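Heads up, the thing below is written out as structure tokens.
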Amino acid sequence: MDIAIWIIAIFSLYLCEQIKSITMDYTNTMNNKRLSYFCFLVIISFSIATKAHSQNLNYVHKVVRELGQPNMYGRAAINNGDSIAADYIAKEFSRFKLKSFGNDYYQYFTQPAVYQSEVSLQLGKGQILKPEDEFYVLGFSPTYDIEINNEKPIFIDGKEHWELIKKTKLDNIILVFNQKTMPISLKEMAKFIDSDFTQVKPKLVIFQGYEHINYYIGRENVKQVPVIQLVGEPIGKTIDYLKLHIKTTSTLSHKTQNVVGYVEGKNKDKYVLITSHYDALGMFGDKVFPGAQDNASGTAAVLDFASYFAENKPPYSLVFITFGAEEVGMLGSHYFADNPLVPLDKIHLVINLDLVGSGSEGLSIVNGTSQDKFVKQLERINNSEKYFWKILSADNRCNSDHCVFVEKNIPAVFLMTCGQEHKWSHSIYDSYENLPFTKYESLFRLIGDYIKGL
């Protein structure tokens, strides 16, 4: 599209010059100056036209950078970082003059919150491990202090070995699992702690053997046993020295919010929801999770669409929602779906944007196999405009806020850009500086073209 614009611009300038040369003998100097001024305006106009989407990208950069600032505290319950982020988004909605469904843009609800305000781990005298690079403590781990000297842990070789061990009455022991021989997801670990520790009563559980570890925020109630993850295999047959300190804070009723605004469409009673979650993982001790890819990127896109369609009336009414508490179980979207601000049967489609800062390997549409009409329309646009290398249509997975709408039989998709250029999700390194924004402009144009074509 940009090439076509420039071809037209160059051709227009050529015509200007031809008109000037033809009229040189028949017009005075003043008229030719006016014609030159007209040609200059042509250049400026086409320059602005070609830079329109770049300006969107500049805005997205600004939003992602600001949402990841330390004073947002990782956009979670700790220090009310979620509310600070929500206020930022609401001010942007107000600046765009979006309509609200009440006196303001907030939809309040409560959530349980668990986080570690203090964490440290020594493995060997004076050897303090670094979070992300060397260890994490799972978010449901309790306040805990333990110091170990010259103690032999029990190593679990695999699932069959564990089935035998867990039937044995053991107390006050250290269990060490190897992720390579007994792979288990972080969500499974939470269930594992509750269900399998009946006969076995450990004082510490260690998972090692990771090449890279991702943080798991506390979703469940605080457990009795701390669980730590270690990069590599630093635990040998004997633990010469280990010192672990955790201070965990928890509440069952932290007040948080969704942020909701809308633009009235030409068809007022038909709605498209453009959504994201704005919350991130908070903090791990004094380390902040900036959450650039997950999910300041999607939130910035929602704000960008809100800005654009506030000035360009869409065919259907557009509801812009940034959900809170996604990382602790999609609680914000659950609350909205159970307490909708628009009639659920009037929702044409939910477009959920999460993890949209890459794109070198294409665009993935989760639940796309159930929304064939939407996918085919995006493919037609993409085939014409070449926005993405490919569009991948996937089955549904309950891994983002679209899922709660799918469960209520409301058409919903989750759009995620694909690419190995970003690999830091659920990490303290998921920062603005590490986010490539590879195909953001393509995403904006693709979804914009779809909405304008409704």
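The values are calculated or read from the model by the stated rules, or taken from the named source; none is laboratory data. Predicted model only: the values in this text are computed from it and were never measured. Cβ atoms come from the backbone with ideal geometry, glycine included; neighbour counts cover every protein chain shown.
Among the residues of the range 80-95, which ones are among the charged types (D, E, K, R) and surrounded by fewer than 18 Cβ atoms within 10 Å (Cβ to Cβ)? D87, K91, R95 - these are the residues of the range 80-95 that are among the charged types (D, E, K, R) and surrounded by fewer than 18 Cβ atoms within 10 Å (Cβ to Cβ).
So if I check each of T322, T249, T256, which one is among the β-branched types (V, I, T) and at pLDDT below 95? Write out each step before concluding.
Working: T322 fails: at pLDDT below 95; T256 fails: at pLDDT below 95.
When all the criteria are applied, what remains is T249.
Of all positions in the range 204-217, none carries a residue that is within 29 Å of Q111 (Cβ to Cβ), of a type in the set (D, E, K, R) and in a loop (DSSP other than H, G, I, E, B).
Just one of D157, D196, D171 is within 26 Å of V328 (Cβ to Cβ), of a type in the set (D, E, K, R) and either buried (at least 18 other Cβ atoms within 10 Å of the Cβ) or more than 28 Å from the chain's Cα centre (by Cα) (or both); which is it?
Values: D157 fails: within 26 Å of V328 (Cβ to Cβ); D171 fails: within 26 Å of V328 (Cβ to Cβ).
Going through D157, D196, D171 in turn, the sole match is D196.
Only one entry of F192, F177 meets the criterion of being part of a helix (DSSP H, G or I) and without any contact (Cβ under 8 Å) to a residue 40 or more places away in the chain, and that entry is F192. Among the residues of this structure, D294 counts as one that is charged (D, E, K, R), in the same structural domain as S425 (by TED's automatic domain parsing) and in contact with an Asp or Glu (Cβ under 7 Å, 6 or more places away or on another chain). Scan the range 374-400 and report the pairs whose first residue is in the same structural domain as L273 (by TED's automatic domain parsing) and whose second residue is surrounded by fewer than 15 Cβ atoms within 10 Å (Cβ to Cβ) and not in a helix (DSSP H, G or I), with Cβ atoms within less than 7 Å and a gap of 6+ or a chain change. Pairs found: E385/M1. With respect to the conditions (1) outside the structural domain of F336 (by TED's automatic domain parsing); (2) under 30 Å from I274 (Cβ atoms), Q122 falls short on a single one, namely (2). Apart from one condition, A77 fits all of (1) under 23 Å from K255 (Cβ atoms); (2) touching a residue at least 24 places away in the same chain (Cβ under 8 Å); (3) surrounded by fewer than 21 Cβ atoms within 10 Å (Cβ to Cβ); the exception is (3).
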